[in-house]
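The values are calculated or read from the model by the stated rules, or taken from the named source; none is laboratory data. Computed from a predicted structure; not experimentally measured. Backbone-built Cβ (ideal geometry, glycine too); neighbour counts: all protein chains shown. Only protein heavy atoms, including side chains, enter the accessible area calculation; ligands, DNA and RNA are left aside. Shrake-Rupley method; radii C 1.70, N 1.55, O 1.52, S 1.80 Å.
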Amino acid sequence: MPKTPTIRITPMTRLFPVLTLATIVIILTSSGTALADVMYTDHIDIGANSIAVQITETYTGSDAAIIERNIAKANDRSAYIRDAENNILAWSSSYIIIDDDPLQIETVHANVTVINVSGTFLINSTIKYAVTTPLDSGSHSIWIQGHPGIVERTIIIPDGIHIDSIVGIKNSETVEEAGYTIITGVSATRKFLSGGGNLTFEYATVVEVCKRPLYTQSWFMPLLVAAEIALCGLWLVRRKRQ
């Protein structure tokens, strides 16, 4: 991939989509993995104080052959993975941005695994972030880098966080599970008014969230009913005594 669903865009933030995609392309090109036919999926698990992201890249055919050559050039798979993890650490701060402020989130861990099955390479990258200001207090904007090659995006939001709006994801489906909400779809463009008032498009998903109101909690209605029954009972007892 919250209060009145407005998107706060600063001049610095407006550069992030371009800079991030350019950085990713440069990094992947240097390792020989920037190919238009590569498929990506990402899984974003949002918590109040942390966010976990898993990005899966699938390479087949000639693309897989390039990955194999790059691993051979690195002398061994471990060296290739170390380089990949360093690259992820270099651009991870631009993959997710909270409240238009890169300092609101910190990368605490990055891990890469490479799997080769019948000529197909799967590169799984896991990034773990710490969130400076808890997302279940106040209102927040979560900006998630998009890409035309992301064929499936999954965003998980826990019950304690309320979704005010979400843009930049198409063909989306929302499923309510015990304890969390799951949103799946395809990375898409989102539009917004720039500082100069011009309509601007970018590949990104933006989720506006806030602390879940009491009346939306799963226990609120049963508690309300129980309180009404108790009040009715007290009223009947008082009336009987009178």
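Here are a few things to note about the model shown:
- Here residue 191 is the anchor, and the lysines within straight C-alpha reach of less than 18 Å, apart from those fewer than 8 places off in the same chain, are 170.
- Probe 1.4 Å - accessible area at residue 83, Å² to nearest ten: 90
- Under 17 Å of direct C-alpha separation, and excluding same-chain neighbours fewer than eight residues apart, residue 211 reaches these lysines: 3.
- Rough spin-label spacing in nm, given labels placed 7 Å along Cα→Cβ, for residue 117 and residue 83: 2.6
- The apolar share of the surface of the range 31-134, taken as the fraction of accessible area on carbon and sulfur atoms (1.4 Å probe, ligands and nucleic acids excluded), comes to 50 percent.
- Net lengthening on full extension, residue 137/residue 154 (0.36 nm per residue, minus Cα-Cα): 3.8 nm
- Cα gyration tensor shape for the range 32-134, rounded if a/c is under 1.5, else prolate or oblate: prolate
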